[in-house]
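Asks: Quick one: this structure, given as structure tokens, is what I'll be asking you about.
Here, each number is a calculation from the coordinates, and none is a lab measurement. These numbers were taken from a predicted model, which means no experiment stands behind them. Here Cβ is always computed from backbone atoms with ideal geometry, including for glycine, and neighbour counts include all displayed protein chains.
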Amino acid sequence: MKRKVLLTGATGFLGRHLTAAFEAEHVPAVALVRATSPWPPSDWAERAGKTTAIFGSALDPTGWRDAAGQAGIGTIIHAAAVVHHSRESVEETMRVNVEGTLQVVRAARDLGARVVLVSAGGTVGCFKRRDLVADEHAPHLDAVVGDWPYYASKLRAEREGQRLAEKLGVDFTVARLPVLLGPQDHRRRSTGHVSRILDGRMPFVPAGGIHFTDVRDVATALARLTRKHTFRSAYHFPGTHVTFATFCQMVGDVTGQRVDARFAPRPLLRGVATAAERMTRYTRLPLPRWMPDPVALEMSSHFWGLGTLWTHKDLHYQARLPRQTLVDTVDWLRGQEAGSAPHAA
Ligand SMILES: NC(=O)c1ccc[n+]([C@@H]2O[C@H](COP(=O)([O-])OP(=O)(O)OC[C@H]3O[C@@H](n4cnc5c(N)ncnc54)[C@H](OP(=O)(O)O)[C@@H]3O)[C@@H](O)[C@H]2O)c1
């Protein structure tokens, strides 16, 4: 029997595109879905093609290991994660992203399966300078991103996941992604910047950059990765790396709208971030909605350089033209506003 792929995080932005990619690439797959997921089960069959679902949480494999064993799982793509950048729920972020990864590695050992951990390019590719790029041999950047909970959790997940996998004899690799754009980001995990520009809610342009690629191209390449007999230690999925100012212009070109955001110098951003941080610490109240998140502000003055030594060749990964990604992202977001795209969650 051909061994299947188990996908965690199947109801998320990337996960939905991965199920489509499995279908297109003829990869037999099973999705692990939480019973509490906002993706209604009635839509599952329609959208997930031949991918079937088993129910449970990545954090508790006892609830799904037997079902996965019966399905015959050869590879687990672990994409489930808390994808929030703020410092508001550090414990939950660590628990899900780190402990969830370790539980998946343990489950893989029991199932005789391999693990692809979906991670973020910023664990190795976040710089103060625009000209630096991290390939798959680059070191972890604890000193740069370790104070940002999401990246700290991804650093630990990569490192501790790798260590446990070695100990248990599980084949393990890391897929590091930049910001994903494209249609169907129901929870605005990474298309928020585009939404803010569309709504005129970008009062100033940060001094740093953004590195984005198309979620559909990453999904296709990840589906192909599951057919590889051997894994390399990591795979990077570079896309388009531009300053925020250029990104605003690119979105403006696509929408036909003028983006009048002003440039904000780094010291000003740092001052606003520090003030926001102090305010929440002293008042113990959540940040007011109008106040930008301090972590997002700190991150926005950095540049995100990601390169690859082998992903293009090994997986035939090719990011489509950035304009096409932006056109499709904007179309989908506008469709949501108009109420034409169902099931916002
Ligand atoms: N989006 C990006 O730009 C980007 C960039 C780099 C890396 N990544 C990585 O790509 C992966 C997918 O991200 P995404 O953008 O698809 O995020 P997303 O849309 O927020 O989806 C997150 C997925 O994780 C699941 N999940 C969340 N909390 C969970 C928990 N406590 N237990 C079990 N499952 C849980 C969600 O399930 P429910 O439906 O049940 O909530 C959902 O399926 C993540 O590992 C993320 O770190 C994303």
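Asks: From the gyration tensor of the Cα coordinates in the chain, what semi-axes in whole Å does the equivalent ellipsoid have, largest first, with each one equal to sqrt(5λ)? Spell out each step's value before the answer.
Replies: Details: eigenvalues 204, 101, 82 Å².
The equivalent ellipsoid of the chain has semi-axes of 32, 23, 20 Å.
Asks: Do you know the relative contact order of the chain, to the nearest whole percent, from alpha carbon pairs under 8 angstrom that are 6+ apart?
Replies: Details: 647 pairs, mean separation 67.0, N = 345.
Value for the chain: 19 percent.
Asks: Then there's this: Please report, in debye to the nearest 20, how large the charge dipole of the chain is about its Cα centre when each Lys and Arg carries +1 at its beta carbon and each Asp and Glu carries -1 there. Don't jump to the answer; show the numbers that get you there.
Replies: Values: 44 positive and 33 negative charges, 54 e Å.
Charge dipole of the chain: 260 debye, to the nearest 20.
Asks: Taking the Cα centre as origin and putting +1 on Lys and Arg beta-carbons and -1 on Asp and Glu beta-carbons, what dipole magnitude results for the stretch 143-229, to the nearest 20 debye?
Replies: 160
Asks: Sorting Glu91, Glu99, Glu136, Glu166 on the 10 Å Cβ count, fewest up front, what's the list? Don't skip to the end; give the middle numbers.
Replies: Working: Glu91 8, Glu99 16, Glu136 19, Glu166 12.
Going from sparsest to densest Cβ surroundings: Glu91, Glu166, Glu99, Glu136.
Asks: Amide H neighbours of Leu177 under 5 Å, at least 5 residues apart or on other chains, H built in the peptide plane: list them.
Replies: Ser119, Ala120, Gly121
Asks: Looking at the chain, how many pairs of lysines come closer than 29 Å at the Cα, when each pair is eight or more places apart or spans two chains?
Replies: 17
Asks: Moving on. Quick one: Karplus J couplings for the stretch 48-53, per residue in order, coefficients 6.51, -1.76, 1.60, θ = phi - 60°, nearest Hz, x for Gly and Pro?
Replies: So the J values, rounded to whole Hz, are 9, x, 7, 5, 9, 10.
Asks: Then there's this: Can you show me the helix-derived [θ] at 222 nm for the chain, built from DSSP H runs with n ≥ 4 at -39,500 (n - 2.57) apiece and divided by the number of residues, rounded to the nearest 500. Before the final figure, lay out the partial values.
Replies: Details: 14 runs with 144 residues, N = 345.
Calculated mean residue ellipticity at 222 nm is -12500 deg cm²/dmol.
Asks: Next up: Based on DSSP, what percent of beta bridges with both residues in the chain are antiparallel, to the nearest 5?
Replies: Expressed as a percentage, antiparallel bridges in the chain total about 15.
Asks: Would you mind calculating the gained length between Asp131 and Trp310 on full extension (0.36 nm times residue separation, minus the Cα-Cα distance), in nm to one decimal? Numbers along the way, then the final one.
Replies: Values: separation 179, 0.36 × 179 = 64.44 nm, distance 2.03 nm.
This chain segment gains 62.4 nm when fully extended.
Asks: Suppose each label sits 7 Å from its Cα in the direction of the beta carbon; what would the Glu337-Asp199 distance come out to in nanometres?
Replies: The two pseudo-label positions are separated by 1.0 nm.
Asks: A follow-up question, please. In the chain, if the dipole is taken from +1 on Lys/Arg beta carbons and -1 on Asp/Glu beta carbons about the Cα centre, which of Gly72, Ala24, Thr173 is farthest to the positive end?
Replies: Most positive-ward Cα: Thr173.
Asks: Sort Val295, Val33, Val82 so the one with the fewest other Cβ atoms within 10 Å of its own Cβ comes first.
Replies: Val82, Val295, Val33
Asks: Next question. What do you get for the angle between helix 266-283 and the principal long axis of the chain? Use alpha-carbon atoms, 0 to 90 degrees, nearest ten.
Replies: 70
Asks: Per-residue HN-Hα couplings for the stretch 105-112, Karplus 6.51 cos²θ - 1.76 cosθ + 1.60 at θ = phi - 60°, whole Hz, x for Gly and Pro?
Replies: 5, 5, 4, 4, 4, 5, 8, x
Asks: May I pose another question? Please work out the Cα center distance from the stretch 67-116 to the stretch 127-165, rounded to the nearest Å.
Replies: Cα centroid of the stretch 67-116 versus Cα centroid of the stretch 127-165: 18 Å apart.
Asks: Compute the relative contact order of the stretch 84-166 as a whole-number percentage, counting only Cα pairs closer than 8 Å that sit 6 or more residues apart in sequence. Working shown, then result.
Replies: Working: 79 pairs, mean separation 38.0, N = 83.
Computed over the stretch 84-166, the figure is 46 percent.
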